[in-house]
Structure formats: structure tokens, C-alpha cells
Amino acid sequence: MRKGWLIPVAAAAAVLLLSGCGLGGDGGAGEDVDASGEVKGKVTFQTWALQPKFTDYVQGVIDAFEAAYPGTEVEWLDQPGDGYSDKVLSQAAGGSLPDVVNLPPDFVLPLVQQGMLLDIEGADDKLNADYVTGGIDAYRYTGHNGVYAYPWYLNTDVNYWNTELLAKYGLDPAKLPTTVDELIAQARTMKKESGGEVYLMSRKPELGDLANAGVPIMAEDGKSFVFNTPEAAAVLDKYRAAFAEGLMPRDVLTDKYAGNAELFNSGTVAWTTGGGNYITSLATDNPTLAPKVIPSPAMGTPPLYAQGLSVASGSKNLPTAMALARWVTNAENQAAFAHLVNIFPSTKASANDPFFAQSDGTPSGDAKVIAFTSLAQARMLQPVEVTGAMSDIVKQQISLAISGDASSQEALDAAVEQCDKLIGQ
Amino acid sequence: MTHQRWFTPWLLVAPAAVWLAVFSLWPSLNTVVLAFTNAKPLGGGRFTGVENFARITDDAQLGDALLNSVIYMVVCVPLLTLLPLLLAVLVQRKLPGISFFRTAFYTPVIASAVVVALIWGWVLEERGLVNGLAQQLGVLSGPLPFLTDRWLLLLSAISLTVWKGLGYYMIIYLSALGNVSRELHEAAFVDGAGPVRRFFNVTVPGVRNTMALVSVLISVSALRVFSELYVLSDGTGGPGGQDMSVVMLIQMYSRGFTGHLGYASALSLLLFAVTIGPMLLLLRLNRKAA
């Protein structure tokens, strides 16, 4: 009798365990939700690292929304840049996802798989008419119908060159490389002229570089990886030879310097890639270097970096959440944002804005125009299905290939095999 | 005599029991369950039988990680068992200013492992202090790849662990040395035994149990090494991830939005199985001491 409590406690523990580990079953796909209704009441709006730099802008957009829709109230939450994925993960796991939340495409997929986000395309029939296809497609996912965010601001990569180092070590800033082969040839010149003190190249290739060379990363059904092709091996072979020749610092094997941007900022390498606003931020980090930097278009297909505003399907105020997401991403508000910083609107109405197509003659202005014109060809080079562990595995195998510890084909085969095992899980 | 209800003892231990159940027992049991699923951080979690364990046998990187952990243990155990003992014998003497040296040796222990590893990273990088000095003095003609060569990186991490652990185990030995009979030392001295002979024939037998305890503690922590390798390799596990430890592998698979919690849990169980040996030995020693 006295131990009768054991049974319910054990049962509760079993239930807790099974529910905790998620054996209760997969989350459902997005359901049809009615987002129509009166725009009124309170909603939460979460952005990613926009305070304090853009506090005035965002608050102005929110104030205008509340004025346009009397009776609405927006609670703005801005999360710090670091740890954002963990923050969103804990919100999603705890059922407290904000009504409107800023998410990049790779964060969206796991939420879509759990049915936590609203299909914007199903709820807003003007989506395709008002936003650019590239931005919309960034939020489409294989196996899931619909679009799961209003595209917000877009960006892409531009090449940046340190003209002082180029000129000093025998290279002509007017003849910048436009292909990997030209890049390697110029890196050779720079190594020779600088006695190995300065590098042109300081990054190893990634999945995006393989995609850029025309290598398909995933099978069309999105269920397996196929990037272990002879073409991909040939790309790695080029970098492997360049590494063996000493054209890249040894630290590229471990990304010790967190990519090449840090070395470029310190004036140790002469080439890096960055968004359209890179020179603006460089002017803060290294004001003496910024005026010596010139931009050029990215080699091959430019990568697309998208940000979007998703609406939580569990929102208790869907009409207002939808209205707010659309308001923040409308052409007028996006254009105003893009005039503050070199990002690019995802609305079709902004395509003809002369501001983006005309440079003020400064390198930063040139970078803006290059990035804007590149966006038409830009696409997401790394599929969103690539998880953090897969990305690590690919980097490790590429590192083995570049260092010569494995042949390029062996490394790619190993990467594909391991990633295939993970994608099925 | 006051009547005691049957649940009174349970009430008294309840806070501690609840704490243990929530933060130790439940996560441990959940790890066992997760190891048989394809769980992700968000929902999901289909029962997949022994699929994760089958994958373990087929994971080449795990072989590297286990090898690294075993090398770590094999090198760290003798070094961190003997060097702190010698250090403790040195600073045990009552000399003027000896407390300064005791404090100095203990300082690395109180410093954060991550901060210390970052500093070592700066010191050991290609253009860092060690390579710079060695080249200036003409000892090296070019920089040594301490952080980008598989074995040099492992060696650097082991050196950091040993340096950081010296003070901690020295303190343990200092307390043990206090229990070694002074009369035995004096008798050995009178019999003509020199310092080396007294060390091996009096000191070492006197702290033998402590040495065994220290060895077991080091074995367990060496098998579970993370911070040193993680920070020195910038989280990449060295060139090609060849310097990953098992804990780094668990972190790699479990982190973020899309973590593979099922496989990471299976790896955790494997690590538990690997470290259980030294832990059982520790329990046995404790029982013997009691």
C-alpha cells in the first residue's frame, strides 16, 4: 500500500521520457490557416541584430504601422547577432515563437517541417506579383508546398581587392581575375613578388564553389547528395595544387583566421569577398585600408543571401501578423532601409529605383551597383538541407583533399557517403 | 519519543532527489532512449532500432577521435601523475617565499580553460611568439605548424592540459604528503638514504593511493577532453577534423537547429562505456579507502 505511489510516478516518468525525446511522432506539415480578419490587437515582431544601428528606422516602420492600423500594438524584440539560431530553437521548442519573426532560409526549413510557419503564398495571393522570384524561391522547400516567409532584404557577394598590395607586387588593378584559373595565376605572381609575405588567396573551396563550377550538390528529389563528380574533383585539384605551391596560408586547412576577411582587413591578403556593404563596415574597422579597396563582380554565379519575415502558424493574431510582415517588407519600407545600408529590396517595385543602379563614384557606390546587378543571376549555392554537421564534414574532407592527405575524389566520395547517412536521419 | 511518518525521510531528501532526477537521471535516461531514434532538436524522433550504433562501427572519424582520446590518456596519465608529485615535494618545504611558488603553480588552474587555450593559440600560431622567437634565435628556419598539423596540434593540446593540470594535482598531493610519516623520513635519513631513495622508498609508498586516485581522475578527464582541442583548432578539429575528440564529435552532431541528436546520443553512450572502466576503478579505490 505504502509503495502504491511508485506505479504512477514510474508511469509519469515513462511518459515524460517518451514525450521528451519526441517519440510522440513527427510534427505535421503546414495546415491551411485562415489569416483573414480584422487587423487589430497586439503582435510580437522579432528582428536579428538591428539594434542599435537601425533602431530609429525599425521603430519608425512600426510606428507607421500602428498609425495606419489603429488598435494595433507591436512588441518589437531584437535578438543579438550571436546565438540567434539557439534563441529561435528554444522559442520554437517552447511554443513561444514570435508572431512575426526574421529568419534566413536555412532556419526556416526545420520549422516548416514541424508545421510552425504559415504558408504565405497560400494566405497572400499578391505575393508573387509584388516580390522578386529569387527572394520568393529562397523560401520554397522541396517536399513542402508554399512559401514560408515574405522575402525581406537580399544581398550577394562582391569581390574586393587591395589595390595597394596588387600594385606593389606586380599586379594590375585594372586587370582583375575573373576566373579561378586567373586568380591562381595572379596569386603565383603575388607570392613571387612578395617573397611569400603576402597572399592573394586565403580561403579553401566550399560547397558553393563546387556549385559555382556547375556541380550539382543534391539529387533533384532532395534526398541524397551527388557532388562527388569528376568536375568537382577537378575544382579541388586546382586548389590542392595552389596550396602545394604555397599560394595560400597553411591556416586555410583549419579556418584558423575565420575565413579570409580578417586577413584582408589586416592588410595581409589582397582579395576577399563580401556583401555590397562591405566597404562601409571596413571603413570602421580599418579606415586607412578602405579607400584603397575596389570591388569587382563575383566569379561565376553570385551567391544569394536572403532574409525574410515569417509568420508563426500558431499566432493568436494571424491577420495582424500578416499585415505587419507585409508592411515591413513593402516596397516603400524596404527602399528606405536600403538607402541606409547597402542591402537590396526584394520587391519588384524597387527594381527600377535609380538609386541602386547608379554609383556615386566611390568604391562603395560601385560595390552597391555591382551587387544590385549581380542579384539578377544570384542563387543560393548551398542547399538548405545541408545541416551544420554535414557542412563540417564537407569542410573536413575538402581540407584533407587540399592538404594532400586524401585524393580529391576520395574526399568527395567520403563526404557524400557521410552526408547521405545523415540526411536520412 | 516522537512518532515519525513513513514519508518523513523522503521529504527530507526530496529537494536533492528532485534535483538529481531532473538534471542527472532524466537526461541520462533520455540519452539512452534518444540513441535509438533519429531525434532532432525540434519534434520528430522515429524509433530506428540500432541504426545509430551500426553507424558508429562505420564512422572513420570516430576511429580518429578514439585514437586521439587514448593518446591523450596514455600521455597525460604518467605526466600528470608524476610531475605534480615532484612539484608538491618541492613546494612542501618550508622556505621563505615558497607560498609565492605554490600560488604561481596553482594560477593556471583558476584561469578559464578557454581563455588559456586562446592565449596558447596566439602563442603557437604560425606568426606567434614561439615560432617568431625560434626563428629569430635561428633554431627554426621556418614556422612549425603547431596548429595545422595533426600530431603537432594534438601534442600542443596535451601540453596545455598538462601545464594547466599541474597545480590542481599538486594541491591534492600536498595534502597527501602531509600524511606521510615524518618519522619514516627521519629513520631513512639516519640509515643513510639519500633524497632520491627516500622519495622512492618513503614518499611514493606513502602517497600510492593518492597516485592511483589521481591516475583515474586524469584518465576519465583525458578521455573526455574538449576545451583544449576545440579552442586550439577553432572548433574545426584540426586539418580534416583529424584532431577531434569524442566529445567534439558529439558536439558537432548535436549542435544547432538541425542537430542529429540520435547519433550524438549513441556517441555519448559509447563514450560512457569507454570511460566506465576508470570510473569503476575509482569506486573500488574509494571503497577500499573506506
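Values for this structure:
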read-out	value
Shielding of A:89-101 by partner chains, average beta-carbon count, 10 Å	1
Shape category assigned to chain A from the gyration tensor of Cα positions, a/c cut at 1.5	oblate
Residue-wise HN-Hα coupling along region B:136-147, computed from phi with Karplus coefficients 6.51, -1.76, 1.60 (Hz; x: Gly, Pro)	5, 7, x, 6, 10, 8, x, x, 8, x, 4, 9
Peptides B:239-245, B:173-179 ordered by average Cβ neighbours within 10 Å, highest first	B:239-245, B:173-179
Residues with amide H under 5 Å from that of A:Tyr131, placed H, sequence gap 5 or more	A:Lys348
Average Cα contact separation per residue, region B:38-289, under 8 Å, 6 or more apart, as relative contact order %	32 percent
Average Cα contact separation per residue, region B:175-290, under 8 Å, 6 or more apart, as relative contact order %	23 percent
Qualifying trypsin sites (Lys or Arg not before Pro) in region B:91-145, DSSP loop, other Cβ atoms within 10 Å at most 16	B:Arg93, B:Lys94, B:Arg127
For B:Asp243, residues with placed amide H under 5 Å, excluding near neighbours	B:Gly238
As computed over the protein assembly as shown, the Cα convex hull volume per residue (Å³)	236 Å³
Nearby aspartates and glutamates by direct alpha-carbon distance to A:Lys53 (threshold 18 angstrom, same-chain neighbours under 8 apart not counted)	A:Asp63, A:Asp78, A:Asp82, A:Asp285
Degrees, to the nearest 10: A:230-244 long Cα axis against longest axis of chain A	60 degrees
All aspartates and glutamates inside 19 Å of A:Lys348 as judged from Cα atoms, apart from same-chain residues fewer than 8 positions distant	A:Glu121, A:Asp124, A:Asp125, A:Asp130, A:Asp137, A:Glu332
Global geometry of region A:120-237, whether rounded, prolate or oblate, following the gyration tensor of its Cα atoms and the 1.5 cut on a/c	oblate
Per-residue mean of C-beta atoms belonging to partner chains within 10 Å, peptide B:27-35	3
Relative contact order [Cα under 8 Å, 6+ residues apart], chain A, whole percent	23 percent
Region B:38-289: C-alpha gyration tensor shape, a/c 1.5 cut-off, then a/b vs b/c	oblate
Cβ-Cβ FRET estimate between B:Leu118 and B:Glu183, R0 fixed at 45 Å, reported to 0.05	0.40
Part-to-part distance (alpha-carbon centres) for region A:314-328 and region B:213-244, which is given in Å	48 Å
In order through region A:389-397: 3J(HN,Hα) via Karplus (6.51 cos²θ - 1.76 cosθ + 1.60), integer Hz, x for Gly, Pro	5, 4, 4, 4, 4, 5, 4, 5, 5
Exceeding the 18 Å Cα-Cα cut-off - candidates A:Lys238/A:Lys292; A:Lys204/A:Lys395; A:Lys40/A:Lys87; A:Lys42/A:Lys316	A:Lys238/A:Lys292; A:Lys40/A:Lys87
Under 12 Å, Cβ to Cβ, from B:Ile158 - net charge with Lys/Arg +1 and Asp/Glu -1	-1
Under 13 Å, Cβ to Cβ, from A:Gly60 - net charge with Lys/Arg +1 and Asp/Glu -1	-4
From phi via Karplus (6.51, -1.76, 1.60), per-residue ³J(HN,Hα) for region A:285-294 in Hz, x at Gly/Pro	6, 8, x, 6, 7, 3, x, 8, 9, 10
For A:Phe344, distant residues with modelled amide H under 5 Å away	A:Leu154
Cβ-based net charge around B:Leu140, under 15 Å, with every Lys or Arg adding one and every Asp or Glu removing one	-1
Separation in nanometres of the label points that stand 7 Å from Cα toward Cβ, at B:Thr103 and B:Leu82	3.2 nm
The protein assembly as shown: antiparallel DSSP beta bridges as a percent of all, rounded to 5	65 percent
Peptides ranked, highest mean first, by Cβ atoms within 10 Å: ranges A:107-119, A:265-277	A:107-119, A:265-277
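Read-outs: derived from the displayed coordinates by stated rules, not from any lab. Everything numeric in this text was worked out from a predicted model, so none of it was measured. Every residue, glycine among them, receives a Cβ derived from its backbone with ideal geometry; neighbour counts consider all protein chains shown.
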